[in-house]
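K.L.:
Structure below; questions to follow.
The values are calculated or read from the model by the stated rules, or taken from the named source; none is laboratory data. Remember, predicted model here, so these are calculated numbers, not experimental data. Note that each Cβ is placed from the backbone with ideal geometry, even for glycine, and that neighbours are counted across all protein chains shown.
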């Protein structure tokens, strides 16, 4: 699997996921603004990867800072706020930036170059930690699956959404290594098609059997008895277990409950926001109308039609059978366990 993000000693190099699967293209980010733009335009996406990439961006900004040490604190807050404003729903972004700020505040006695290098080392550590964490999620999660499992997922919560292994796809990847996966059902994930463009591409790279379906086919596929479990990622989990994830996840959870299919969420502990009591309080990003009006830049409807385009929805905790983390599987009641 190609590396999603790396620092080359001077610039941040990102895999431009907006061009997959047709083109494997890397983009050079020279400034904090470049990194922020890459996140906004979904060149970088997936909650864990957004957090790590923003950390790299913050470190990049401090490495390039040439102002006075007296103005450094203000500059740090400015670039931190630029990165924090990119995506409102994924809490990993804010968790990662706060971790970087903690390091910054403990090291204000350092020179500008020393501080920049220290922050870059922290971002590199977060990259390494993410892979280890996701491998642990995969190990715990695969225990929930039996041999011959047919698993449905939505969006892309794999190596492309993280630093190299994946959350929901990490579980599938670990289970496949043990001969447990017969079939993966990948929902296409309208309107940006992360399922058809990214999940299918990623699974085929690892020779994991995958079949693509439109989002509207999920219920019928379940009714035919072709699904043994649904596993998704998460962008934010409230203190009671309510979970924000890609739009369409709530629909899968309702359908899974109707058909007595277990529904699991796979996410690192950094995705849990204990400051938010319920999913009703999670901010939901609404994206531009053209994502729905067009497919690959071609109009798919009347150009002036009004559009409602929330990027995420909330799955109530009572529809979730387990939350798979790097420390084990959390089962209901989530308020006590979390």
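K.L.:
Does residue 205 count as surrounded by fewer than 17 Cβ atoms within 10 Å (Cβ to Cβ) and not assigned by TED's automatic domain parsing to the domain that holds residue 42?
P.N.:
yes
K.L.:
Just to confirm my filter: which strands (runs of 3 or more DSSP E) fall fully inside the stretch 248-338 and include at least 2 residues that are in contact with a helix residue (DSSP H, G or I) (Cβ under 8 Å, 6 or more places away or on another chain), outside the structural domain of residue 217 (by TED's automatic domain parsing) and in contact (Cβ under 8 Å) with a residue 12 or more places away in the chain?
P.N.:
Details: elements: 263-266, 312-315, 322-325, 328-330.
Answer list for the stretch 248-338: none.
K.L.:
Do you know which of the residues in the stretch 71-94 that are touching a residue at least 12 places away in the same chain (Cβ under 8 Å) and part of a loop (DSSP other than H, G, I, E, B) is surrounded by the fewest Cβ atoms within 10 Å (Cβ to Cβ)?
P.N.:
85
K.L.:
In the stretch 12-39, which residues are farther than 22 Å from residue 200 by Cα, in contact (Cβ under 8 Å) with a residue 40 or more places away in the chain and surrounded by 17 or more Cβ atoms within 10 Å (Cβ to Cβ)?
P.N.:
Residues satisfying the conditions are 12, 32, 35, 36.
K.L.:
Another one. Only one of (1) in contact (Cβ under 8 Å) with a residue 24 or more places away in the chain; (2) more than 18 Å from residue 234 (Cβ to Cβ) fails for residue 196. Which number is that?
P.N.:
So the condition that residue 196 fails would be (1).
K.L.:
Residue pairs, Cβ under 7 Å, 6 or more apart or interchain, first in the stretch 215-228 and under 23 Å from residue 192 (Cβ atoms) and outside the structural domain of residue 248 (by TED's automatic domain parsing), second surrounded by fewer than 17 Cβ atoms within 10 Å (Cβ to Cβ) and at pLDDT 95 or above. List them.
P.N.:
Once the first residue is under 23 Å from residue 192 (Cβ atoms) and outside the structural domain of residue 248 (by TED's automatic domain parsing) and sits in the stretch 215-228, no partner that is surrounded by fewer than 17 Cβ atoms within 10 Å (Cβ to Cβ) and at pLDDT 95 or above comes close enough.
K.L.:
Which of the residues belonging to the stretch 204-233 are assigned to a helix (DSSP H, G or I) and either out of contact with any helix residue (DSSP H, G or I) (no Cβ under 7 Å at 6 or more places or on another chain) or modelled with pLDDT under 95 (or both)?
P.N.:
Filtering the stretch 204-233 down to residues assigned to a helix (DSSP H, G or I) leaves 204-205, 215-223.
Answer for the stretch 204-233, where residues must be assigned to a helix (DSSP H, G or I) and either out of contact with any helix residue (DSSP H, G or I) (no Cβ under 7 Å at 6 or more places or on another chain) or modelled with pLDDT under 95 (or both): 204, 205, 215, 216, 217, 220, 221, 223.
K.L.:
Moving on. Please work out which one of (1) farther than 27 Å from residue 254 by Cα; (2) assigned to a helix (DSSP H, G or I); (3) in contact (Cβ under 8 Å) with a residue 12 or more places away in the chain is the condition residue 163 fails and give its number.
P.N.:
The single condition residue 163 does not satisfy is (2).
K.L.:
Also: When only residues in the stretch 208-253 that are more than 20 Å from residue 181 (Cα to Cα) and over 22 Å from the mean Cα position of the chain (by Cα) count, which is surrounded by the most Cβ atoms within 10 Å (Cβ to Cβ)?
P.N.:
219
K.L.:
In addition: Of these, 42, 97, which one is on the phi > 0 side of the Ramachandran plot, crowded, with 16+ Cβ neighbours inside 10 Å and either in the same structural domain as residue 237 (by TED's automatic domain parsing) or modelled with pLDDT of 95 or more (or both)?
P.N.:
42
K.L.:
Consider the stretch 256-272. How many of its residues are surrounded by fewer than 21 Cβ atoms within 10 Å (Cβ to Cβ) and at negative phi?
P.N.:
Final tally of qualifying residues: 6.
K.L.:
Residue check, residue 171 against (1) surrounded by fewer than 24 Cβ atoms within 10 Å (Cβ to Cβ); (2) touching a helix residue (DSSP H, G or I) at 6+ places or on another chain (Cβ under 6 Å), all met but one. Which one?
P.N.:
Going through (1) surrounded by fewer than 24 Cβ atoms within 10 Å (Cβ to Cβ); (2) touching a helix residue (DSSP H, G or I) at 6+ places or on another chain (Cβ under 6 Å) one by one, residue 171 breaks only (1).
K.L.:
Just to be sure, is residue 197 surrounded by 14 or more Cβ atoms within 10 Å (Cβ to Cβ) and outside any helix (DSSP H, G or I)?
P.N.:
Considered against the rule, which asks whether it is surrounded by 14 or more Cβ atoms within 10 Å (Cβ to Cβ) and outside any helix (DSSP H, G or I), residue 197 comes out as no.
K.L.:
Just one of (1) over 18 Å from residue 177 (Cβ atoms); (2) modelled with pLDDT of 95 or more; (3) surrounded by 16 or more Cβ atoms within 10 Å (Cβ to Cβ) trips up residue 136, so point out which.
P.N.:
For residue 136, the exception is condition (1).
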